[in-house]
Amino acid sequence: MLPASRKELLLQRLRQDGRLVAKEMADELGLSEDSIRRDLRELDEAGLAVRVYGGALPASPAVADYATRTAVAPDSKRRVAAAAVALIEPGATVILDGGTTTLAMVAALPRTFRGTIITHSPTVAAALLEHEAEVLLIGGQLFKHSAVACGAAAVEAANRISADLFFLGVTGVHATTGLTTGDADEAAMKRTLASRAAETYVLASEEKIGAASRYSVLPLDEVTGIITDSAKNDPTTRELAAAGARLVHTAQARSSKS
């Protein structure tokens, strides 16, 4: 089998099974594990897979640039955003992460909401200009890929706040790797924000479920809930629940893929 065809087969298995074990694929194809590992390394470098010990996991499409992500799973993001907004009590202090799903939350949030919104995303803050809520913008070095403030100054500022709720954006929600994102400094900022809220909910639109990225944010069982529109009987959803995830399903969950 030619290398290109072999890689396409590996990607097909990743989409089908949600993970690859290098030894099993080597045995199936009659190749050395080194050959499979080399293929997985090249797929990882191309952003098509995430290498883990013994194999690989599907790479999240949510690590694309900000403009591209606005067109990824918009209906799923709107459903997740609506379910997230429903959790916000009048007068609450809420931390919003950066990202396209939090922007969908702003669109779903009543303009008459009189609580406080804290965010490290200038994009989210600007979207709140017509809302009655008080807005606190955390500053720091701008991470342009996600349009959020990160780094030491942002972490220091975040450590001075407290909130009722934090709505966390990630790029991967996987039963094995937990909650992940594509940048180490951004992952650290997300952990800091989670530590400042009484409850943390993950915004998990469809492209993030079963996918993984390079840097760990938090384990599945260290957040209050994961808001998703995945079907309750979806195999990936069941794996997440078995791994300790507390899933909050939207009112209009998608049909099962099984």
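Read-outs: derived from the displayed coordinates by stated rules, not from any lab. From a predicted model like this one, the values you see are computed outputs, not experimental measurements. In this analysis, Cβ positions are derived from the backbone assuming ideal geometry, glycine residues included, and neighbour counts consider all displayed protein chains.
Table for the structure above
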| quantity | calculated |
| --- | --- |
| Ordering of 102-110, 154-162 by packing [mean C-beta count within 10 Å, highest first] | 102-110, 154-162 |
| Point-to-point label distance, L48-R6, nm (Cα→Cβ direction, 7 Å offset) | 1.3 nm |
| Percent of beta bridges antiparallel (DSSP, the range 66-249, rounded to nearest 5) | 25 percent |
| In order through the range 159-168: 3J(HN,Hα) via Karplus (6.51 cos²θ - 1.76 cosθ + 1.60), integer Hz, x for Gly, Pro | 5, 9, 10, 8, 8, 7, 9, 10, 9, 9 |
| Helix axis angle, 74-85 relative to the chain longest principal axis, alpha carbon, degrees | 50 degrees |
| Residue order, fewest to most surrounding Cβ atoms within 10 angstrom, among E199, E186 | E199, E186 |
| Difference of contour (0.36 nm per residue) and Cα-Cα distance, D34 to L142 | 34.9 nm |
| Subset of K7/K77; K7/K232; K7/K144; K23/K208 violating a 29 Å alpha-carbon distance limit | K7/K77; K7/K232; K7/K144 |
| Helical contribution to [θ] at 222 nm, DSSP H n ≥ 4, -39,500 (n - 2.57), averaged over the chain, rounded to 500 | -10500 deg cm²/dmol |
| Listed peptides 204-216, 33-45 by packing density, highest first (mean Cβ within 10 Å) | 204-216, 33-45 |
